[in-house]
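Working notes for the structure below.
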Amino acid sequence: MKKNLLAIACFSVAVAFTACSDSATSTSDAGDSTNASTNSTATESGDANNTTGSTTATTKTPLSAQDSTFVMKAAMGGMMEVESGNVAQQNGNHDRVKSFATMMVNDHSKANSELMALVSGRGITLPTALPQDMQSHMEEMKKMKGAAFDKHYMGMMVNDHQKTITDFQSQANNGSDPELKAWAAKTLPVLQMHADSAKAINSAIK
């Protein structure tokens, strides 16, 4: 009888030891699972932060006050050249005047598109219409015809291009933004060619 009781006691101790061992293993596995989950969350959070930082780094630098002033003048001047060129194609009398007007529309439309792409995302909004004084001038030009129109238009082109060349030379030499400086320098030869043509035609039709 005593032997039977001893055997039962030993069996109970063995079962209890096995249960404790399994419980410890289960707890350890749960801890490892929790740590893995925490590490995964931390890694994903870090990746998200890195992505955000990468997006922010691609933001373009806003233009300086000087560069912004040049951009606005160039945009309005280019728009004026295109609109007055369109009027000249309709109201001009001399073939050279009409050919010059076509060149103005083509060249300044291209330059305007380049400028728009260049300043996109730089904290400046380009005008979509001429200011009131320029628009009033356009309305007056639409009333002119023939030789009178030719003289007015070509005289305006000579004066406007002299001022525009001065602005572009200043920007190419003294501007703050490298891309804008390069664009001004690249556009200068075209403007100089326009000025030379305008002077020649203006002298020829007088």
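Filter the trypsin sites (Lys or Arg not before Pro) in the stretch 123-156 to those in DSSP coil with at most 11 other Cβ atoms within 10 Å of their Cβ, and list the result. Mind showing how you got there, number by number?
Values: sites: Lys142, Lys143, Lys145, Lys151; in loops: Lys143, Lys145.
Sparse-neighbourhood loop trypsin sites (Lys or Arg not before Pro): Lys143.
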In Hz, Karplus ³J(HN,Hα) per residue of the stretch 141-156 (6.51, -1.76, 1.60; θ = phi - 60°; x = Gly, Pro): 5, 5, 7, 7, 9, x, 4, 5, 5, 3, 5, 5, 5, 5, x, 5
Carbon and sulfur %, accessible surface of the stretch 85-206 computed with the full protein complex present, 1.4 Å: 51
Estimated inter-spin distance, Ser113 and Lys206, nm [label 7 Å along Cα→Cβ]: 3.7
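Multiply the residue separation of Ser99 and Ala147 by 0.36 nm, subtract the distance between their alpha-carbon atoms, and state the gained length in nm to one decimal. Intermediate results must be reported in sequence, preceding the final value.
Values: separation 48, 0.36 × 48 = 17.28 nm, distance 1.50 nm.
Using 0.36 nm per residue and subtracting the Cα-Cα distance, I get 15.8 nm.
Quick one: accessible area per residue over the stretch 92-206, 1.4 Å probe, rounded to a whole number of Å²? Walk me through the numbers on the way to the answer.
Values: 6140 Å² over 115 residues.
Here the per-residue accessible area is 53 Å².
The values are calculated or read from the model by the stated rules, or taken from the named source; none is laboratory data. In this text, all values refer to a predicted model and were calculated from it rather than measured experimentally. Here the Cβ is made from the backbone with ideal geometry for all residues, glycine too, and neighbour counts use every protein chain on show. Accessible surface is based on the protein model in full, side chains and every heavy atom, while ligands, DNA and RNA are left aside. Shrake-Rupley method; radii C 1.70, N 1.55, O 1.52, S 1.80 Å.
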